[in-house]
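A short write-up of the structure that comes next.
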Amino acid sequence: MSSLLILLVFVVVIVVAIGWGVGIYNGLVTARNAFRNAFAQIDVQLQRRFDLIPNLVETAKGYLKHERETLEAVIAARGAAVSGLAAAKASPGDPAAMAELAQSQGVLNGALGRLMMVAEAYPDLKANQNMMQLTEELTSTENRVAFARQAFNDSVMAYNNRREVFPSSIVAGMFNFDAAALLEIPADRAEVREAPKVQF
């Protein structure tokens with residue numbers, strides 16, 4: 001009778017341990033899916049931003065004939081940013097992909113900022129209705145990108161906290177739940193930290 005009780009206790013302990021492990025595993029998967037979904041929102045907003053830039057450059061092109069270098073820099077930065085987004089989309093949270101995305105977005109912010117500064121010298125361009133509408137849309141999109149980036153970083157922080165605390169860290173280590181990286185603007189580049197000025 002006592003050996004049956006010991007066997008029953010052993011089975012109960014095994015079932016509880018398996019249930020505990022499954023619960024932790026499912027929580028980690030849920031947290032990882034949450035930050036991946038949050039990244040999808042960044043993707044949507046950055047795509048919107050990338051779609052606005054060619055229209056902005058095309059509108060400015062007629063007025064900024066002597067600023068070809070500035071316009072080309074914006075287009076080149078946009079291309080690099082699109083590539084950075086593609087790399088990050090393939091692996092949201094990967095430290096190298098997040099660093100590439102942050103760096104390419106910083107270069108694009110700088111190029112857009114220079115374009116807006118140059119555009120200030122052209123009153124006809126500033127008064128152009130299409131240009132005003134595009135810059136307003138770009139400003140709105142910049143705000144949406146900032147909110148989406150904050151939501152992503154919050155989700156990444158929640159996931160990383162979940163995978164690092166005991167006893168979840170045991171399950172995370174067993175099933176290779178790697179740490180996710182935040183999407184941060186590089187701190188060593190002051191011009192990158194400022195949002196592009198798009199008001200006229």
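If I filter the range 41-59 down to residues being over 19 Å from Gly106 (Cβ atoms) and of a type in the set (S, T, N, Q), which single residue comes out as surrounded by the fewest Cβ atoms within 10 Å (Cβ to Cβ)?
By that ranking, first place goes to Asn55.
Can you confirm whether Ala180 is touching a helix residue (DSSP H, G or I) at 6+ places or on another chain (Cβ under 8 Å) and on the phi < 0 side of the Ramachandran plot?
yes
Here is a check on your reading of the model: is Arg36 open to solvent by 90 Å² or more (accessible area, probe 1.4 Å), part of a helix (DSSP H, G or I) and not aromatic (Phe, Trp, Tyr)?
On the way: open to solvent by 90 Å² or more (accessible area, probe 1.4 Å): yes; part of a helix (DSSP H, G or I): yes; not aromatic (Phe, Trp, Tyr): yes.
Spelling it out, Arg36 is indeed open to solvent by 90 Å² or more (accessible area, probe 1.4 Å), part of a helix (DSSP H, G or I) and not aromatic (Phe, Trp, Tyr).
Regarding the range 152-171, can at least one residue be identified that is under 18 Å from Phe50 (Cβ atoms) and in contact (Cβ under 8 Å) with a residue 24 or more places away in the chain?
Yes, the range 152-171 contains at least one residue that is under 18 Å from Phe50 (Cβ atoms) and in contact (Cβ under 8 Å) with a residue 24 or more places away in the chain.
Quickly run through the range 69-84 and pick out the residues that are closer than 29 Å to Tyr159 by Cα and either at pLDDT below 90 or surrounded by 22 or more Cβ atoms within 10 Å (Cβ to Cβ) (or both).
Result: Ala81, Gly84.
Can you pull out every residue in the range 105-126 that is touching a residue at least 24 places away in the same chain (Cβ under 8 Å) and open to solvent by 10 Å² or more (accessible area, probe 1.4 Å)?
Gln105, Val107, Asn109, Gly110, Gly113, Arg114, Met117, Val118, Glu120, Tyr122, Asp124, Lys126
When both residues are 6+ apart or on different chains and their Cβ atoms are under 6 Å apart, which pairs have a first residue that lies in the range 77-88 and is free of Cβ contacts under 8 Å to residues at least 24 places away in the same chain, and a second that is of a type in the set (S, T, N, Q) and assigned to a helix (DSSP H, G or I)?
These pairs meet every condition: Gly84/Ser104.
Of the residues that sit in the range 127-167 and are open to solvent by less than 30 Å² (accessible area, probe 1.4 Å) and aromatic (Phe, Trp, Tyr), which one is nearest to the chain's Cα centre (by Cα)?
Phe152
The values are calculated or read from the model by the stated rules, or taken from the named source; none is laboratory data. Remember, it's a predicted structure, so these values are computed and weren't measured experimentally. Here the Cβ is made from the backbone with ideal geometry for all residues, glycine too, and neighbour counts use every protein chain on show. Protein only, heavy atoms only, side chains kept; ligands, DNA and RNA dropped before computing areas. Shrake-Rupley method; radii C 1.70, N 1.55, O 1.52, S 1.80 Å.
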